[in-house]
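What follows is a single structure, written as structure tokens, with notes after it.
Every read-out reported here was derived from the displayed coordinates using simple, explicitly stated rules and does not represent laboratory data. Worth saying up front: this structure is predicted, and the values here are computed from it rather than measured. Every residue, glycine among them, receives a Cβ derived from its backbone with ideal geometry; neighbour counts consider all protein chains shown.
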Amino acid sequence: MERETISVTVNGRAYERAVEPRRLLSDFLREDLRLTGTHVGCEHGVCGSCTVMMDGVTARSCLTFAVMADGADIETIEGLGTVDAMHPVQQAFWEKHGLQCGFCTPGMLMTAVELLKANPDPSVDDIRDTISGNLCRCTGYQTIVESIQHAAKLMREDGP
Amino acid sequence: MKPARFRYLRAESVDDALQALADNPDAQILAGGQSLIAMMNLRLVKPACLIDINRIWNIGYIDEEGDGVAIGTLARHNDVKHSPLIRERCPLLTEAYESIAHHTVRNRGTLGGNLCHADPSSEAPAVMIAVGATLELMSVHGKREVGAEDFFLGTYETARRQGEMLTEIRIPGRGADGWAFAEISNRHGDFAIAVIATTLRLANGRCEVARVVASGVGEHAARLKPAEDALIGRPIDDARIDAAAAAAAGAVDPHSDSHADAAYRRDAIAALTRRTVSRAAERCG
Amino acid sequence: MSDRGHIPESRQREKPRADLQWIGKSMKRVEDPRLLVGKGIYADDINVPEMAHAAVLRSPHAHARIVSIDASKAEALPGVLCVMTGADAAEVCDPLPTWASPPVLQAVIAHDRVRHVGEAVVAVAAEDRYIAEDACDLIEVEYEPLPPVVDPEEALTSTGDAVLHPERGDTNIGLERTLTFGPVEEDFAAADLVIERRFRWPRSGGQPLETVGAVASFDEGAGRFTIQCNTSMYNYCGWMIASTLRVAPHKLNIVPTLAGGSFGSKMFVHKVPVMAAVLARAVGRPVKFMEDRIDNTTSCDNHASDRVYYAKLALKQDGTLLSLKTRIIDDYGAYLQFGVGQHGNALSQCVGPYRINSVEVDLAAVLTNKCQQGAYRGFGSEVANFVIERLVDAAADELGVDRIALRRQNFIQPDQFPYLIPTGNMYDSGNYQAVLEETLKLADVEGWRAKQAEGRKEGRYIGIGVASCQERSVFSATEFWMWNLEPGVEWTSSPDGVSVKIDPTGKAFVTLHSPFWGNSPETVAAQVLAEQLTIDPSDIEITYSDTDQGLNSTGPGGSRFTVMVTGAIVGAAGKIREKLLRIAAHLMEADVRDLTLEDGAVQVKGVPDMKMSIAELADKAHYYRLSMPEDLDLTSGLDATYVYDHPVTTLPDPDERHMGIFYPIMGHSCHIPVVEVDIETGQVHFLHYAAVHDCGTMVNPMTLEGHIRGGTVNGIGTALFEEFSYDEAGQLTTALWTDYLIPTIKESPADIVVGHVETPSPFTEYGVKGGGEGGRMGGPPAIAAAIEDALKPLGVTIDSLPLPPSKLRALIREAQARSA
């Protein structure tokens, strides 16, 4: 079986692994690195659950081969914050009930983080545009928008 | 839902990619992968070999060229969408991007990949035809140019030949005064049920040049000449707009699928033609 | 009223009160931190040593005989561990569990015959999922096509080769019968007006973001299976899986995982755990089978109601509603997992919030070449809501009266509760007028009527819809079998249990015996236990049992869980409180009657100095037995279990004059959407959306609102976009999420304004009612009404869903052609 050796940095840690070219980045993260916080919902690019950060911008890990990430800097939900030290976006989703089953949440959070990096004070329309590619079946989205607005406020208050 | 095996080649330069294409007749180019990988996951396609062009550093540009724009094939959708140069020189494309896919897909997906994929309900092909774009194709044997209008031949089928790679998309300086894009999809960001991209030029109050281009209603994006003929040479008033809309609806022979039936697509084409022509005419000032 | 049965005494212990400390608070969820940091363990996150992966080759045909299978190439593929056909599987396992009576036999892997596109034909276990799928590609199957049965009304007359289950007779009718409740013929004879409509409710599905998955292992030494799975009901009827696997029930342990959403779809999953288990036993290694999205859309357990209604509503000229008759053809697909439980469910509130004297339901449950039905947010009652609301709208239009006024006129009045409807089910309490008035206020209907009139002058089509819907909660098991002619699974219990313990340091542990499937069981348990023991929720830890440890628990579904967990916690906490007081009485040398539990301490009333904290008492309870009196009940420790039975349910009448009380904890909602329709394109935009729900005493308003909004967007999906659509050949044309259209944020209203009315239940602890499904049960009829209202100038009638732009435009086109 033909394999390619790739080097990636995930959540600040360097990994070198041999992978089949067809291995999806989602499977690489979840199975090879056991970072199961990134979820797989549809595997054909519709739901956004598998969204991770790749070199600073979001990517659908089910529509990315792991070999394409060779040399990349990847961030997943596991790198965002911990239960004791949540990222403001995580904190805001908790406070504003931005999740129910939690399955879309990691993808939603990564997308929100990317938005807030580029736009510290997004309008409701900005938020709706940005997360329109992330399906949530539980919340009806309204509290997700409120969560992201609240996160923006927390991050602005925190200052750079 | 996992892709079948394939050989993986990574190109570091355009020459690299062209040589790989020449050496591997069974290869396909992997750009952003946002359509290709989804189809591979579903095993709807099983390419034997992929040539990854994502590392080629110098084909993601968006540059001035004369009074037009040259876009490298690997320019990501979001870069094109947010480019001030595109907004200034090809605002029709900027407008179209409001309807194209979703943010994260646009981060990775490329304009060149989209055009080569030639999905029959894709938006960008209609825009390229409407603005008279030229596509540059290269192979180890050299390069050639194909007008966007001649590039799209069928469902997932283009004029790109074996061994060729789309390298650049050239959009001429503003050839039209008025432009408008409109789309109907069931959900925002989905592939279109129907698209119309319209460009107009007026002279002395009469329509001198008109392009009315449809997508989603045939095997590929195409001009609706009867609709254009209904406009050319006349002032654009409500009666002309209605005539163009009727002509547009008559010019398409759409299919039915789970998203919409043929009758709907025809109605949609009429409505979108009316709306885009009207808005394009307003923009002509 | 005796024909409608009797109402038992209430067993409520805790009355609703104004001074509650935790119940009624929008407390942040206990479940969230681990989910927010990516540390929740869902089914696909489980990884055990030596684990193999399964993939399934599925039928490309809707209906065919399997002539031959050649799997030799697949078996030869390196990395393949096992290739299992239906014939192989039949040697090691029995048919899947079913509530249908007589049963409809369903194999985990089809043999001899496939009955729908996507049905499992061959299963493969391999070193990884990629190889397993490669192997599926190498299997050659020869089929002999049989006639596909796709149209439910045509299925009524199928014979011969078109019959799916010939062993049940030469018919595709799974069950057909008529139930009559009250003087239907007399009421129709007395009517001045009969509204007659045909309705079409589309096949949709819960489609949570997470599919169904299981990791199974077989311990050969112990002869025992362990299956980790995102299923519910494992402590209620998980043993049925053991029967399928041909092991004794104690030779199977089902361990729940978090579920990434359910909406009913994971109520009792059967195919996936059985598939993983048979493969695990065959290969001698643990096997993970995780459905991919196509596995799920084509062959899940849970496509939802797919019904044709011929409905008649009889009424007087003065607007008094009299009687309802419906002929229903329900397309169940190829199998009947829950029998026709969806129609038991629909009988619970088929008259809506209205005084309707009699009801007749004529049901034909047909079997067709489609994926089977299961549960989805409403479980059949959402369709009944659509039907009654559409009929009432039609009646108002026919009489020329205001749709809202006709509702008000016919509402069951607040002083009429508890109220038995003709089918025998009880509505425990309600105040429908109050909910309506509150919604009208939030929706600013007056204001929108003015904008509608203005808009019409400009050629804009704005519409306002009103639906007043029942929101039954807390099912009783009788709903699953009340339609059966022959005895099948005739259970009458549907309890939920909890185990509670206070450790020596005073921390509380709650074990739930049903899973997390997206709602907030841990938060509910923490809030109620905190209320009961006057402790802080952060001092409570919640875990889930497996079947080895489990108490009888039906689990979430039918909006049961908040009511049932609350009841169980009250029961268990009561025992613990009693023990705390007895220990405290002994240690403080006080009379038990002089003690109270306040702020986490047992206190002698009126003597502030005399108190002992729960932690102090727990320490004594655990470690100082010899300081206690010789009382056999004062065993060391501080723990209790409690299985809370359904708060109020009765048996169906043997003569079927009524079906007993089976779904009595009756919430209510009013939805008022304001939409604008683009008549050229058929696109619908929400301009406003107001929804008021009455779910009795609220445990957590924030999470209830989450359910209401989320359910409403599910309802928008059902009303406008979602459909599992089969073509004439029985191909599922919407198997991908590019085609099965779940609303994105762009299709969802930016602001669903939610309001509450609280009419406590007199039967449940604290008066809590369930509220998990109401959004989807109220949205569709309200949206249909709003669209119809918008298009009133064109005379468009809405009786079929969904209404994507193409379908709505077709109705507009027809109306325009009629008027031209």
In debye to the nearest 20, how big a dipole does the protein assembly as shown give about its Cα centre with +1 on each Lys and Arg Cβ and -1 on each Asp and Glu Cβ? 1080
Using label points projected 7 Å from each Cα along Cα→Cβ, tell me how many nm separate B:Leu153 and B:Asp26, to one decimal. 2.2
With a cut-off of at most 16 other beta carbons within 10 Å, and DSSP calling the residue loop, which GluC sites (Glu not before Pro) in segment A:57-160 qualify? Please list them. none
Farthest positive-ward along segment B:7-52 dipole, Cα basis, beta-carbon charges - from B:Ser35, B:Gln19, B:Cys49: B:Ser35
Site B:Asp237, offset 7 angstrom along Cα→Cβ, radius 11 Å on amide nitrogen, limited to segment B:243-274, gives none
If each DSSP helix of 4+ residues adds -39,500 (n - 2.57) and the sum is divided by the residues in chain C, what number results at 222 nm, nearest 500 deg cm²/dmol? -8000 deg cm²/dmol
C-alpha center-to-center spacing [segment B:155-223, segment C:585-623] in angstrom: 80
Using only the Cα atoms of segment B:160-285, build the gyration tensor, take square roots of its eigenvalues as a ≥ b ≥ c, and label the shape rounded, prolate or oblate: rounded if a/c is under 1.5, else prolate if a/b is larger than b/c, else oblate. oblate
Principal axis dimensions, largest first and in whole angstrom, of segment A:27-150 by Cα: 36, 31, 27
Please work out the C-alpha center-to-center distance from segment C:253-318 to segment B:63-119 and express it in whole Å. 42
Cα-based Kirkwood hydrodynamic radius, the protein assembly as shown, one decimal, Å: 32.2
Helix A:142-158: angle to the longest alpha-carbon principal axis of chain A, degrees 0 to 90, nearest 10? 90
Remind me, relative contact order of segment A:88-158 in percent, using alpha carbon pairs under 8 angstrom and six or more residues apart? 52
How large is the Rg to Rh ratio of chain C when both quantities use alpha carbon positions and Rh follows Kirkwood? 0.99
About the Cα centre of segment C:525-593, what is the dipole size in debye to 20, counting +1 per Lys and Arg Cβ and -1 per Asp and Glu Cβ, all else neutral? 300
Counting other beta carbons within 10 Å of each Cβ, put C:Lys266, C:Lys575 in order, fewest first. C:Lys575, C:Lys266
What's the local net charge at C:Trp99, with K and R +1, D and E -1, over the other residues with C-beta under 14 Å away? -4
Show me the GluC sites (Glu not before Pro) within segment B:42-122 that DSSP assigns to loop and that have at most 15 other Cβ atoms within 10 Å of their Cβ. B:Glu98
For a quick check: sort C:Val278, B:Val45, C:Val602 by the number of other beta carbons within 10 angstrom, fewest at the front. B:Val45, C:Val602, C:Val278
Net charge near B:Val252: determine it from the other residues with C-beta under 12 Å of the C-beta of B:Val252, scoring Lys and Arg +1 and Asp and Glu -1. +1
If each K or R counts +1 and each D or E counts -1, the residues other than B:Thr199 whose Cβ falls under 11 Å of its Cβ total +3
Which one of C:Thr718, A:Leu109, C:Ile745 has its Cα pushed farthest toward the positive end of the charge dipole of the protein assembly as shown, where Lys and Arg give +1 and Asp and Glu give -1 at the Cβ? C:Ile745
The relative contact order of segment B:178-283, taking Cα pairs under 8 Å that sit 6 or more residues apart, comes to a percentage of 30
The equivalent-ellipsoid semi-axes of segment A:88-158, taken as the square roots of five times the Cα gyration tensor eigenvalues and listed largest first in whole Å, are 17, 13, 10
For a quick check, take a GNM of chain B with Cα springs below 10 Å and name the residue from B:Arg160, B:Arg234, B:Arg223 with the largest mean-square fluctuation. B:Arg234
For segment B:178-283, whose charge dipole is built from +1 on Lys and Arg Cβ atoms and -1 on Asp and Glu Cβ atoms, the candidate among B:Gly218, B:Asn204, B:Ala246 with its Cα farthest towards the positive end is B:Asn204
Report the charge-dipole magnitude of chain A in Debye, nearest 20, computed about the Cα centre from +1 at each Lys and Arg Cβ and -1 at each Asp and Glu Cβ. 320
So which GluC sites (Glu not before Pro) in segment C:745-804 are both in a DSSP loop and have at most 14 other Cβ atoms within 10 Å of their Cβ? none
Largest fluctuation, B:Ala247, B:Ala38, B:Ala96 only, Gaussian network model of chain B with Cα springs under 10 angstrom, belongs to B:Ala38
